[in-house]
Amino acid sequence: MNSRNDNVADLRATYDAVVVGSGHNGLVAAAYLGLAGKSVLVLERNSTIGGATASQQVFPDYDAWLSRYSYLVSLLPDKIVSDLGLNFQTKRRSIASFTPYTDSSGSQKGLLLSNEDPARSQASMRDMTGSDEAWADYERLMELERCIAKRVWPTMLEPLRSRESFASGMTGPLEKEAWRSFVEEPIGRVIERYAHDDVLRGLIMTDAKIGVHTHPMDASLLQNRCFLYHVIGGGDGEWRVPVGGMRSLVDSLLDCCRRSGVDIRSSTEVTSVELGASHHTVGFLHEGKCMEVSAKHVLVNAGRKTFAKLFGQTWQPETANEGSVIKINMLLARLPKLRASGIRPEDAFAGSFHIDEGYAGMRKSFEDSRDGKIPNPAPGETYCHTLTDPSILGADLREKGYQTLTLFGLDMPYRLFEADHDLRKEQVRQLY
């Protein structure tokens, strides 16, 4: 996704707003400002527009467009789509998750949770636990999640509210329990209170873990913040598949920006921001030339390290900022076969497919990675976009039955790969 014009000679000298970075947040801000009649310039360091939402032809010889970063949609309010007139749709995944396990007799089975058929989910959980008590407890946990999601989600487009403001509105017994369970206490307590099977506990814990290096009883409550991020979207926590891939969101945002007169330049690195009384000076590098523009407002759609650099400041990352997940994109001629009987691969891989993500096992993998070891077994989960939306594949690949598969490996903190990167990368690849 290239910008509409890479020529910087025709830029204005002064803008109402300059947006540093063309990720989805930057493009949304630019689109709103453009529609409000403001003059806006978006500057992107990379040759493509979209940041973490950009789709790429990861495998050059194949017409398949995958995202290296963002891949599902949950936290995009419908109001933004409506306000900006975005031509963007998402689809529900028929299956929420599949988790293989070995039962007491040694048989290979799997816990399948459906997004469309609660009875099927209940039957699968009954088969794993031997009764319906586990399902009743699980439903109670889901009720708590929905309770806090319905309180938090509507505020996402409002000025940030304080903890005290949220807490004061949680008045009923269910609301108070939800607040205590997800905000005040380590998430492990509510998981252990309502889930008694290691497989189910691990499945729930993944929402508190994927993306951060943490464990159920972490006193920092980093795991709680991660969990809330995963369960509040849309008021129900559902993560949906973007039709056409993430590039469809970028394309629709670009279209809105163009219609509203926003200037966008790629391959243009912002190097500095000098603050002024009424206007600020934005310095940037384009084709080896140092240039600058003036702006009344500067919006930075970049990470904290880049933000600090632009203002001549230093930045020291906190432990919570450390990345802890590896991602492997794959293009398959067919889906893998399953050891579990009675489950079709088309169902098992339609949602999140969980691998070695038991509750106790992930506590061990966290401890190993914390101590500088690559965890083995390595917890992970996969996601297949094309079972829900095959449009990211060219017609030839679709006709041949190809599928995309993306694997996320947990408890893989950045520090493990600082030394002997290539060797450790290959070790991790072999583990999966």
Report task. Compute from the Cα atoms of the range 1-102 the Rg and the Dmax, the latter being the longest Cα-Cα distance, and quote both in angstrom. Result -> 17.5, 66
Query raised in the report: Among Y101, Y414, Y138, which one shows the biggest mean-square fluctuation in a GNM of the chain, springs joining Cα atoms closer than 10 Å?
Result: Y414
Query raised in the report: Which one of S248, V199, Q430 is farthest out on the positive end of the charge dipole of the chain, using unit charges on Cβ (Lys, Arg +1; Asp, Glu -1) and the Cα centre as origin?
Result: S248
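Which net charge results when you count Lys and Arg as +1 and Asp and Glu as -1 among the other residues whose beta-carbon is under 15 Å from that of L35? If you can, show how the numbers build up before the last one.
Values: positive: K38, K79, R258, R259; negative: D16, D83, D255, D263.
Counting the neighbours of L35, the net charge comes to 0.
At a threshold of 8 angstrom on Cα-Cα distance, excluding pairs fewer than six apart, so keeping six or more, what relative contact order does the range 141-193 reach in percent? Spell out each step's value before the answer.
Numbers: 21 pairs, mean separation 22.0, N = 53.
Contact order relative to length: 42 percent.
Please tell me the relative contact order of the chain in percent, rounded to the nearest whole number, where contacts are Cα pairs under 8 Å and at least six residues apart.
Numbers: 814 pairs, mean separation 100.6, N = 432.
Once divided by the residue count of the chain, the mean separation gives 23 percent.
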**Report entry** the range 153-270, dipole about Cα centre (Lys/Arg Cβ +1, Asp/Glu Cβ -1), debye to the nearest 20
**Finding:** 200
Query raised in the report: Can you tell me the Rg and Dmax of the range 157-271, counting just the alpha carbons, in angstroms?
Result: 19.4, 56
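Please identify the trypsin sites (Lys or Arg not before Pro) of the range 131-204 that satisfy two criteria: DSSP loop assignment and at most 13 other Cβ atoms within 10 Å. Which are they? Walk me through the numbers on the way to the answer.
Working: sites: R140, R146, K150, R151, R161, R163, K176, R180, R189, R193, R201; in loops: R161.
Here the trypsin sites (Lys or Arg not before Pro) that fit, given the DSSP loop and packing criteria, are R161.
Mind checking the dipole of the chain: about its Cα centre, +1 per Lys or Arg Cβ, -1 per Asp or Glu Cβ, Debye to the nearest 20? Write down the numbers at each step before the final one.
Values: 50 positive and 56 negative charges, 107 e Å.
Dipole magnitude for the chain comes out near 520 debye.
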Query - Computed helical MRE - 222 nm, the chain, DSSP H runs ≥ 4 contributing -39500 (n - 2.57), nearest 500 - result: -9500 deg cm²/dmol
Requested in this report: Have a look at the range 89-129 and give its Rg and Dmax from the Cα atoms, expressed in angstrom.
Outcome: 12.1, 45
Report task. Could you tell me which of L338, H354, L86 has its Cα farthest along the dipole of the chain towards the positive end, charges placed at Cβ (Lys, Arg +1; Asp, Glu -1), taken about the Cα centre? Result -> L86
Query raised in the report: Going by how many other Cβ atoms sit within 10 Å of their own, how do M156, M362 line up, fewest first?
Result: M156, M362
Query raised in the report: Check A96: other-chain or 5+ apart residues with amide H under 5 Å from its amide H, H built from backbone geometry?
Result: L113, S114, N115
Report summary line: Listed by chain and number, the lysines with an alpha carbon less than 28 angstrom from that of K309, same-chain partners under 8 positions apart left out, are K38, K289, K296, K327
Report task. Given the options A136, A340, A13, state which has the largest fluctuation in a GNM of the chain using a 10 Å cut-off (strictly under) for Cα springs. Result -> A13
Query raised in the report: Against the longest principal axis of the chain, how steep is helix 359-370, in degrees 0 to 90 to the nearest 10, with axes from Cα atoms?
Result: 50
Query raised in the report: Considering only the chain, what is the antiparallel percent among its DSSP beta bridges, to the nearest 5?
Result: 70
Query raised in the report: Of C384, C257, C147, how do they rank once you tally other Cβ atoms within 10 Å and put the fewest first?
Result: C147, C384, C257
Report task. Only loop residues by DSSP count here, and only those with at most 11 other Cβ atoms within 10 Å; note down the chymotrypsin sites (Phe, Trp or Tyr not before Pro) in the range 196-254 that meet that. Result -> none
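On full extension of the chain, what length is gained from E139 through A52, given 0.36 nm per residue of separation minus the C-alpha to C-alpha distance?
Numbers: separation 87, 0.36 × 87 = 31.32 nm, distance 3.39 nm.
Separation in residues times 0.36 nm, less the Cα-Cα distance, equals 27.9 nm.
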Query raised in the report: Treating the beta-carbon of each Lys and Arg as +1 and of each Asp and Glu as -1, no other charges, what is the dipole magnitude of the range 237-320 about its Cα centre, to the nearest 20 debye?
Result: 60
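Note down the net charge around G130, summing +1 for each Lys or Arg and -1 for each Asp or Glu among other residues with Cβ under 11 Å from its Cβ.
Details: positive: R126; negative: D103, D127, D132, E133, D197.
My count for the surroundings of G130 gives -4.
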Requested in this report: List the relative contact order of the range 1-97 as a percent without decimals, with contacts defined as Cα pairs under 8 Å and 6+ residues apart.
Outcome: 22
Query raised in the report: Taking +1 at the Cβ of each Lys and Arg and -1 at the Cβ of each Asp and Glu, which of G211, I392, L33 sits farthest along the dipole of the chain towards its positive end, judged by Cα position relative to the Cα centre?
Result: L33
Requested in this report: Under a 10 Å cutoff between Cα atoms, tell me which one of Q313, Q108, Q403 has the largest fluctuation in the Gaussian network model of the chain.
Outcome: Q313
Query raised in the report: Using θ = phi - 60° and the Karplus form 6.51 cos²θ - 1.76 cosθ + 1.60, what ³J(HN,Hα) does each residue of the range 35-48 get, whole Hz, x for Gly and Pro?
Result: 5, 7, x, 8, 7, 9, 10, 10, 10, 10, 5, 6, 7, 10
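Any read-out appearing in this document is the output of simple, stated calculations on the displayed coordinates, not a laboratory observation. Quick caveat, the model's predicted, so the values are computed rather than measured. As a convention, Cβ positions derive from the backbone with ideal geometry for all residues, glycine included, and neighbour counts pool all protein chains shown.
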